[in-house]
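What follows is a short report on a single structure.
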Amino acid sequence: MPFSEEPRSYDETAKRTGAEYFKFTPEYRTVGRILNPQARTVWKHFIQQANNGRGFSAVCPNTGPGMNVCPVEASTADLPKDDPERRASYAKRKFLVNILDRTPYTECNSCHGQTPGKVNAGSRNKQCVNCGADLKGHDFKPLNRVKILEQGPRLFNEQLNAIEAMQQEELGKDITEYDITFTTQGVGRDRTITALPQDPKPLEDDAFIDPETGEEQQLWDLDLLSEPATIEEITLMLQGATVEQINKVKGVI
Ligand SMILES: [Zn+2]
Ligand SMILES: [Zn+2]
């Protein structure tokens, strides 16, 4: 196994930020190697009030049929079943896997930041996402960072399942044996993601080495990521709490 077998700790998982999630953006294509053959299913709420109004998602604590402890769903339980507000309060199905972010990055000669190449309709060259400088002549290498891929059925059921079946049938290859390129168009509700498999290829020997520490990167613990949020956490999120504030209440250091 190329990555460290010990998964990331509870504290590290609790302190994850948005940067640990595999990104989809219309600015550039992202490339990833899925690392778990089986995705985990979770039911989540996006709580808009959380994180000072920037929003954060939480696994619904109603984990079985007939359970009604979740404050998000309890807040609309008096409304008729087909009421839009009540329906919007239901948890949504998400799928989780570890993914190695293989998006090509380079160091920008102008700002010296790490950057993927932004595609610009007006120019043939790619541009730095940080400072906008032209990246002509730059060498790009895969970022190779272990991240969390969390998306809904549109990506997993309609695209990734189809890719997996096709590659298995035509080439006898598992979904972990090739990179997938994701092209994103639009934002918000209008966003569409198109996934395209690349030729099967083993990862480079050093693909999991963290350039900063020289150690093998660990996978995210899918069990920890699927743990239901507590009532206390969700109540705090509904009051606008940040992840740091919630972690403090939970004693995460
Ligand atoms: Zn819920
Ligand atoms: Zn730059």
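The values are calculated or read from the model by the stated rules, or taken from the named source; none is laboratory data. Please read all numbers here as calculations on a predicted model, not as lab measurements. When we count neighbours, we look across all protein chains shown, and the Cβ atoms used for this are built from the backbone with ideal geometry, even at glycine.
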Problem set entry | Check on LEU222, in contact (Cβ under 8 Å) with a residue 60 or more places away in the chain, within 19 Å of LYS92 (Cα to Cα), surrounded by 15 or more Cβ atoms within 10 Å (Cβ to Cβ) and of a type outside the set (Lys, Arg) | yes
For this session: Could you list all residues from the stretch 76-124 that are polar (S, T, N, Q) and within 13 Å of ligand 2 (Cβ to nearest atom)?
Result: THR106, ASN109, SER110, GLN114, THR115
Exercise. List, please: which pairs have Cβ atoms under 7 Å, are six or more places apart or on different chains, and start with a residue in the stretch 90-111 that is under 19 Å from PHE156 (Cα atoms) and end with one that is within 16 Å of ligand 1 (Cβ to nearest atom) and among the charged types (D, E, K, R)?
Worked result: ALA91/LYS44; LYS92/LYS44; LYS94/LYS44
Exercise. Hey, among ASN120, ASN157, ASN130, which residue is out of contact with any Leu (no Cβ under 8 Å at 6 or more places or on another chain), free of Cβ contacts under 8 Å to residues at least 40 places away in the same chain, away from ligand 1 (no atom under 16 Å from the Cβ) and in the same structural domain as ILE231 (by TED's automatic domain parsing)?
Worked result: ASN157
Exercise. If you take the residues of the stretch 50-93 that are outside any helix (DSSP H, G or I) and in contact with a Ser or Thr (Cβ under 6 Å, 6 or more places away or on another chain), which of them is farthest from ligand 1 (Cβ to nearest atom)?
Worked result: THR76
Problem set entry | Qualifying positions in the stretch 158-172 - surrounded by fewer than 14 Cβ atoms within 10 Å (Cβ to Cβ) and within 22 Å of the chain's Cα centre (by Cα) | GLU158, ALA162
Problem set entry | Pairs where the first residue, in the stretch 4-23, is within 16 Å of LEU100 (Cα to Cα) and the second is in a loop (DSSP other than H, G, I, E, B), C-beta under 6 Å, 6+ apart | PRO7/LEU219; PRO7/ASP221; ARG8/TRP220; ARG8/ASP221
For this session: Tell me which residues, restricted to the stretch 134-154, are without any contact (Cβ under 8 Å) to a residue 60 or more places away in the chain and of a type in the set (A, V, I, L, M).
Result: LEU135, LEU143
Exercise. For the stretch 163-215, which residues satisfy the criterion of being at pLDDT below 95 and of a type in the set (Gly, Ala, Ser)?
Worked result: GLY186, GLY188, GLY214
Exercise. What residue, of ALA74, ALA39, ALA50, is closer than 20 Å to THR230 by Cα and crowded, with 16+ Cβ neighbours inside 10 Å?
Worked result: ALA50
